[in-house]
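The values are calculated or read from the model by the stated rules, or taken from the named source; none is laboratory data. Model, not experiment: these values are computed from the prediction. All Cβ positions, glycine included, derive from the backbone under ideal geometry; neighbour counts span all protein chains shown.
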Amino acid sequence: MMDSLEHIAQVWPSSGKVVVLTGAGISVASGIPDFRSPGGLWSRYDPMQVATADALEHNPAEVWRFLMDAVRVMTQAKPNPAHQALARLEQAGLAQAVVTQNIDGLHQRAGSRDVVEFHGSMSSFRCNDCSTPHDARIAETITTATSPWRCGCGGVVRPDIVFFGEPISLDALDKSGQLACGAELMLIVGTACEVAPASSLPLLTKQYGGKVAEINLIPSRLARLCDASIQAKAEEALPLLADMLLQRRN
Ligand code: ZN
């Protein structure tokens, strides 16, 4: 493991122009199984029935049955050493930003400040009809008796996440695109890079002359592109890498 980490440390620019692209794998140790894995939310729910704009409109009770489950999983989760290591690197000026496909808010809870949430976040809610923001803490109190959560206007309240068939926010696309183009290194962590358009960000970094590295238990679809890589759990590899980088700088 140390050899591979050394390789990643070698391609790490001292400028700190590093963007970290994270996915489900980084939050598994926090108690959030990958939605697509056995035991994940998609093994209990059909995403097409509970996580589409159409379902919100026509079957809000079913959507909220899923959301109650998702809220419970997310509120019980805590940042793990991988999230904490990334926050340390940002604070030390050795990493610029995190672009995450996760909706769990764990990067911010660990202390990362510059976080682009590609698929939105479960930490804010709004009315699906009138867009009024609603207090996320109320989501934790919704029960089968009070579900679906409704706004004063009668519309269904929903998390600010990107449901299937909905567009990714232009803001997130714009910001992550700019970060990818300007990065001297993009580090892929805990994502197979199978879901577009997040999966195209490392390609952008390459096109603009940057390097790509990955920390993944199973090599991603972009493994061939990588200038350095390690097959390891994020919560084991990232703290060691952060120690290495911080030590080298001092
Ligand atoms: Zn409303």
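Restricted to the stretch 1-112, the set of helices (runs of 4 or more DSSP H) holding at least 3 residues that are in contact with a helix residue (DSSP H, G or I) (Cβ under 8 Å, 6 or more places away or on another chain) and not charged (D, E, K, R) comprises 2-11, 47-50, 60-76, 81-91, 106-110. Are any residues in the stretch 140-193 within 16 Å of the chain's Cα centre (by Cα) and in a loop (DSSP other than H, G, I, E, B), and if so, which ones? If the condition is that a residue be within 16 Å of the chain's Cα centre (by Cα) and in a loop (DSSP other than H, G, I, E, B), then V162, F163, I168, S169, G190, T191, A192, C193 are the ones that fit. Pairing residues of the stretch 34-58 that are within 21 Å of C193 (Cα to Cα) with residues that are among the charged types (D, E, K, R) and at pLDDT 90 or above, at Cβ distances under 8 Å and at least 6 apart in sequence or on separate chains, gives L41/D69. Of all residue pairs spaced 6 or more apart or on separate chains, those with beta-carbon atoms under 8 Å, a first member in the stretch 139-162 that is more than 23 Å from H119 (Cα to Cα) and a second member that is of a type in the set (G, A, S) and not in a strand (DSSP E or B) are S147/A61. With R126, R137 as the choices, which residue is within 16 Å of the ligand (Cβ to nearest atom) and among the charged types (D, E, K, R)? Exactly one of R126, R137 is within 16 Å of the ligand (Cβ to nearest atom) and among the charged types (D, E, K, R), namely R126.
Inspection of the stretch 163-176 finds a residue satisfying the criterion of being within 21 Å of P13 (Cβ to Cβ) and either out of contact with any strand residue (DSSP E or B) (no Cβ under 7 Å at 6 or more places or on another chain) or crowded, with 20+ Cβ neighbours inside 10 Å (or both).
Checking each residue in the stretch 102-111 for being crowded, with 21+ Cβ neighbours inside 10 Å and of a type outside the set (G, A, S) picks out N102, I103, D104, L106, H107. Return yes or no: is F118 more than 14 Å from the ligand (Cβ to nearest atom), crowded, with 19+ Cβ neighbours inside 10 Å and among the aromatic types (F, W, Y)? In short, yes.
All of (1) closer than 22 Å to P197 by Cβ; (2) out of contact with any strand residue (DSSP E or B) (no Cβ under 6 Å at 6 or more places or on another chain) hold for V20 with one exception: (2).
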